[in-house]
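**Student:** Before I ask anything, let me first share the structure, which is written out below as structure tokens.
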Amino acid sequence: MIDLNADLGEGFGRWRLTDDEQLLSVVTSANVACGFHAGDAVTMRRVCDLAAARGVTIGAQVSYRDLAGFGRRAMDVPSAELAAEVAYQIGALEVFARAAGARVAYVKPHGALYNRVVHDPEQAAAVIEGVLLADATLPVLGLPGSRLLERAGKAGLPAVTEAFADRAYTEEGTLVPRGQDGAVISDPDAVVERSLGLARLGEVTSRTGVRIEVRARSLCLHGDTPGAVELARRVRRRLEESGVRVEAFA
């Protein structure tokens, strides 16, 4: 059994990056941008309405305040400020989720914040503090072995592990930074087969060719890559044909 999640609502005003409508027909969980790296009030409401209508679980994708850099630039934000901004983003999305007859069911950091809280205990603690301020029952989605999930567990929050079929891994089980060659897997056939390996075996091949263990309850399908919708459909079809049950974790 595995969940399929995608980053959605990543537009601003008239600009749209992801095909939210089509991806919501494939995934079981939607990581909705909350306005700090992408998204605005109208977009958040629209995606929540669409997700609720399709029975897709809604999650808050929280980020550093970085619209210009799409949340992918390294930033140093004081812990108290980051905690407040995480809670703020969750609260904003919750309004639209409830209006759609649903709720925010989990939290996932985005971009530079996601990678930072893999190793940084202070930033990880700040994110968890923000989650607790918003709702002390929310699951937190993150990389296996990360400081974020470690802090979530200590705080009594459900810690949910995640894997990426279209991202290269180091031998340590972390993601290869996007600025490096080969960080994103562009071959659709490879992505499909990596998805199956992650779901059934809990394994993936690192960039150096070493098989590493990556036990994950959720698999992320990036919505901002070329052909994202068709690739997502292929991944889900391959999983289900192989006997893997695709189901939301929250």
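The values are calculated or read from the model by the stated rules, or taken from the named source; none is laboratory data. Since the structure is predicted, the reported quantities are computational estimates derived from the model, not experimental observations. Every residue, glycine as well, gets a Cβ built from its backbone with ideal geometry; the counts of neighbours run over all protein chains shown. The accessibility values were calculated without ligands, DNA or RNA, using every heavy atom of the protein model including side chains. Shrake-Rupley method; radii C 1.70, N 1.55, O 1.52, S 1.80 Å.
**Student:** Do any strands (runs of 3 or more DSSP E) entirely within the range 163-250 hold 2 or more residues that are in contact (Cβ under 8 Å) with a residue 60 or more places away in the chain, and if so, which?
**Tutor:** By residue number, 218-220.
**Student:** Looking at the range 133-154, which of its residues are among the aliphatic types (A, V, I, L, M) and open to solvent by less than 70 Å² (accessible area, probe 1.4 Å)?
**Tutor:** Residues satisfying the conditions are Ala134, Ala136, Leu138, Val140, Leu141, Leu143, Leu148, Leu149, Ala152.
**Student:** Considering only residues that are of a type in the set (Ser, Thr, Tyr) and either in contact with a His (Cβ under 6 Å, 6 or more places away or on another chain) or open to solvent by less than 10 Å² (accessible area, probe 1.4 Å) (or both), which ones fall in the range 44-94?
**Tutor:** Once the filter is applied, which keeps residues that are of a type in the set (Ser, Thr, Tyr) and either in contact with a His (Cβ under 6 Å, 6 or more places away or on another chain) or open to solvent by less than 10 Å² (accessible area, probe 1.4 Å) (or both), the range 44-94 yields Ser63, Tyr64.
**Student:** Here's a follow-up. I'd like to verify a number: residues in the range 181-214 that are of a type in the set (Lys, Arg), surrounded by fewer than 18 Cβ atoms within 10 Å (Cβ to Cβ) and modelled with pLDDT of 95 or more, how many?
**Tutor:** Within the range 181-214, residues that are of a type in the set (Lys, Arg), surrounded by fewer than 18 Cβ atoms within 10 Å (Cβ to Cβ) and modelled with pLDDT of 95 or more number 2.
**Student:** Would you check if there is a residue in the range 8-26 being touching a Pro at 6+ places or on another chain (Cβ under 8 Å), under 22 Å from Leu141 (Cβ atoms) and in a loop (DSSP other than H, G, I, E, B)?
**Tutor:** No, because not a single residue in the range 8-26 is touching a Pro at 6+ places or on another chain (Cβ under 8 Å), under 22 Å from Leu141 (Cβ atoms) and in a loop (DSSP other than H, G, I, E, B).
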